[in-house]
Amino acid sequence: MLSFTLRRLVSGVILLFVISSLAYLLLYLGAGNVGRRILGSQASEATVALKNQQLGVDEPLITRYLSWLAHAVTGDFGTSWFTSQPVDQTITSRLAVTISLVIGATILSGVIATVLGVWAARRRGWADRVVQVVSVLGFAIPGFLIAIFLVNVFALGLGWFKPTGYVQIATSFSGWLGSVTLPIVALSIGAIAAIVQQVRGSVIDALRQDWVRTLRSRGLSENRVVFKHVLRNAGGPALAVLAVQFVGLVGGAVIVEQIFAIPGLGQVSVTATSQGDVPVVMGLVVAIGAIVVIVNLLIDLIQGFLNPKARVS
Amino acid sequence: MFHWKRAAVIATAAALTLAGCSASPSGSGGEGDTLTLGVIQPPNSLSAQNAGWANQSPYTQAVYDSLIQADPDGKLVPHLATEWSYNDDNTVLTMTLRDDVEFTDGSKFTADVAAQNLIRFRDGTSPNASFLVNLADAKAVDDTHLEITLSQADPALTTYLSQNAGQMESAEAFDNADVETNPVGSGPYTLNVDETVAGTSYVYDKNPDYWLPEQQHYEKVIMNFFGDSTSLLNAIQGGQVSVSTTIDNTSLAQITAAGYTLSPVENNWWGLIIGDRDGTISPPIGDPKVRQALNYAFDRDAMLQAFAAGEGTTTTQIFPTSSTSYSDDLDSYYSYDPEKAKELLAEAGYPDGFALTMPSSAGFGASNFAIIQQQLADVGITVTYEDLQVNDYINALIAGTYPVALMALQTDPTDWQVAQFSIDKTANFNGFHTDDPTVQGYISQIQTGDEATAEEAGKALNEYIVEQGWFAPWFRPALNFVSNSTTAMETQVGNSYPYIWNIEPK
């Protein structure tokens, strides 16, 4: 298990290196006049040239990339071209916000998808059809439309929540909960749609197995059979889908944070990418890439815990 | 057995709990002690040396005092400088400064600190560093007297000193590692670094030792950046901002329905920059009759409706209404007359029109370029577009790459600024550096003449460039500031955002 974990971490580092190199090249190719982009139309040519010189953007690509890499391996991702804030501060100040949304959405979608999937698999008939229709709708409706709908109904219409903004959990737990509820729900809809189908299918397959009949014949209650034994067997594929959805939720957070004006990684991703703020974009590529690598590794380890057959010896 | 009823009760209780979770995120909508501003641009830098202005002005106004202040109508009044005067040829400005001002780090504001700030601004990377391009030197005569020496007269200098060029930062903070993100000024508020999320929300606390408490109206000021119109509109409708600028005019009805008051200002003009006045790239454009034809080709009412939802005023001049050079007549010097346009083209030797290459960019609205193309096609001018990213578009205009181009430009409060930005042979948006002796003559009189001479020259300059078709302005769009029912606000002539001390509780 330890060697497996180490191998995965090393391959994750190599993957991050490849992704960041490609990203840097793409950003370089699309850079244009960086100083003009930062300073706008008012600035004189002399000021723009001075800005470009200060940023080092007039140097060759390989020089700039090696300089960035040398600093990045020490955790120094430079300073935002547009806000002058150190990139590591930009990311760390927002990481917890996005993680709270994504973890919240993961948990919510996991729980609801499990409940709905088990219900559909056990009841079949109309319940199964309802869940499948709801699942298709969850796939079909874009996340941003769901977010706008939630804002208009529950925030602006009913006034149950504030439409924008984020409250730190340390400032007020109820305020934090109020500020993340709608975004988490908006993020979860699509993920529920994906996971519920997997749970439903896996539970149906498991319920057909001989060992389930054996457990029933031993007098175990149906709930105990399903929730203690069947789910554990069906959980593996569902967890794999959940891992994929986690990555998708990180991407979905971009839209949701923009609509709800939440100061997370998603919001700064939109701003930095549209502005061409290379230091911030590169920091985000590395940070989000690292999150994906770690999450996938954790899911693999959990899979091994749940299903001994899936463990790496 | 799954207890559905129990689950339903738990779910209902949870929903009611969450519904009570409406604590205000990132500030309230201005409830007496807190002002929440909606801003559409985050600050590039919070240092006085590199500070931006316009939509970025509130961020640094909160923490820095400037040498001079401007009234809402643009009139300059004393602030850190109590009086000032020029020498005979307007190349030396002497200022008397207050002796009772301290920065929040305890250091004293002196003439030497002021001089250092001015030189740093001139040599820095503020978008407006060129405001002080004529600053040859700044030095302290003594602690309360500052002498500014110019390489040539600059009629807008005192206006610049009421803006970011005149903002004063503590000299002891110049070398701070966080100088760009943690400002040290003498102003009405201080930045709360712990509660600030750079790029999203900037929180300021009242400076308890401020020397001008009459200009402090709140205990706390929160400035929230909104990058898109949806989240901004939601925040306004949700009562989460006291005052805000708007990104476009498409949601005004919803904003007023939410109880907000609209305060429109016209600080920009939209239209064509007809830059190739010598016919270098496009020989037809070198003929004034062709440029006049371009002006007759556009239905300005239709352009205003299409581009700005009808909010604004049609015009054929680029000087603002607040300028002494502005003329009501010049708002309608050219009517919509395609036949007249064709006649002028024929007189210029182009009875069948001509081909024209123009830049386009999604940043200006892709559909808008189709309208321009159609209106010019109606008079025989065939437009071919080359699509550019918006920043490359601006670079191309400044570099004189295209003979004619769509642009939206600011209207500055002084004639000198308008000339330096758009008209003078060295102006950014005179990309072909057209050197017209008549134009340069008028600009020289604005620069060095007495007040009456400068006013006459400004009027004459405006008429001349309209008659010569240097531009084809269509309209001045109305930018709407919105304020809630508990907040009073005065808009600022020549600026994209009201000045922070002109926003107060009702």
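Taken together, the values in this text are just the output of simple stated rules run on the coordinates, not laboratory data. Keep in mind that this is a model prediction, so the values were computed, not measured. When we count neighbours, we look across all protein chains shown, and the Cβ atoms used for this are built from the backbone with ideal geometry, even at glycine.
Laid out as a table, the results:
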{"read-out": "For the range B:388-459 and the range A:214-280, distance of Cα centres in Å", "value": "56"}
{"read-out": "Relative contact order [Cα under 8 Å, 6+ residues apart], chain B, whole percent", "value": "19"}
{"read-out": "Full-stretch length increase - A:Asp205, A:Ala170 - with 0.36 nm per residue and alpha-carbon distance subtracted", "value": "8.1 nm"}
{"read-out": "Residue with peak Gaussian network fluctuation, chain A [Cα springs, cutoff 10 Å], from A:Arg218, A:Arg94, A:Arg123", "value": "A:Arg218"}
{"read-out": "Highest-MSF residue in chain A out of A:Ala243, A:Ala261, A:Ala147 [GNM, Cα springs under 10 Å]", "value": "A:Ala261"}
{"read-out": "Straight-distance crosslink candidates among lysines, where the alpha carbon sits under 25 Å from B:Lys220 and sequence neighbours closer than 8 are dropped", "value": "A:Lys162, B:Lys108, B:Lys206, B:Lys506"}
{"read-out": "Cross-link reach list, lysines versus B:Lys342, counting only Cα pairs under 27 Å and skipping chain neighbours closer than eight places", "value": "B:Lys289"}
{"read-out": "Proximal aspartates and glutamates to A:Lys228, defined as alpha-carbon separation beneath 19 angstrom and excluding residues fewer than eight positions away on the same chain", "value": "A:Asp205, A:Asp210"}
{"read-out": "Inter-site label distance for B:Lys75 and A:Leu158 at 7 Å from Cα along Cβ, in nm", "value": "5.4"}
{"read-out": "GNM result for chain A, Cα springs below 10 Å: residue of A:Gln168, A:Gln258, A:Gln275 fluctuating most strongly", "value": "A:Gln168"}
{"read-out": "Shielding by partners, peptide B:37-46 (average Cβ within 10 angstrom, other chains)", "value": "3"}
{"read-out": "In range of the label at B:Glu451: residues from the range B:415-431 whose backbone nitrogen is under 17 Å from the point 7 Å along Cα→Cβ", "value": "B:415-416"}
{"read-out": "Computed E for B:Glu83/B:Val133 - FRET, C-beta separation, R0 30 angstrom, nearest 0.05", "value": "0.75"}
{"read-out": "Shape call, the range A:140-200: gyration tensor on alpha carbons, a/c limit 1.5", "value": "oblate"}
{"read-out": "Phi to ³J(HN,Hα) by Karplus 6.51 cos²θ - 1.76 cosθ + 1.60 over the range B:207-220, Hz, x for Gly, Pro", "value": "7, x, 9, 5, 7, 10, x, 4, 9, 9, 10, 9, 7, 9"}
{"read-out": "Rough spin-label spacing in nm, given labels placed 7 Å along Cα→Cβ, for A:Val136 and A:Val111", "value": "2.9"}
{"read-out": "Value of Rg to Rh for the protein assembly as shown (Rh from inverse mean 1/r over Cα pairs, i.e. Kirkwood)", "value": "1.03"}
{"read-out": "Residues A:Ala96 and A:Ile148, FRET efficiency given R0 of 25 Å [Cβ-Cβ distance, rounded to 0.05]", "value": "0.45"}
{"read-out": "Scattering curve values for the range B:159-314, log₁₀ I(q)/I(0), Debye with Cα scatterers, q = 0.21 Å⁻¹", "value": "-1.36"}
{"read-out": "Other protein chain Cβ atoms within 10 Å, averaged over every residue that makes up B:388-398", "value": "4"}
{"read-out": "Theoretical ellipticity at 222 nm over chain B - DSSP helices of four or more residues, -39500 (n - 2.57) apiece, nearest 500", "value": "-7500 deg cm²/dmol"}
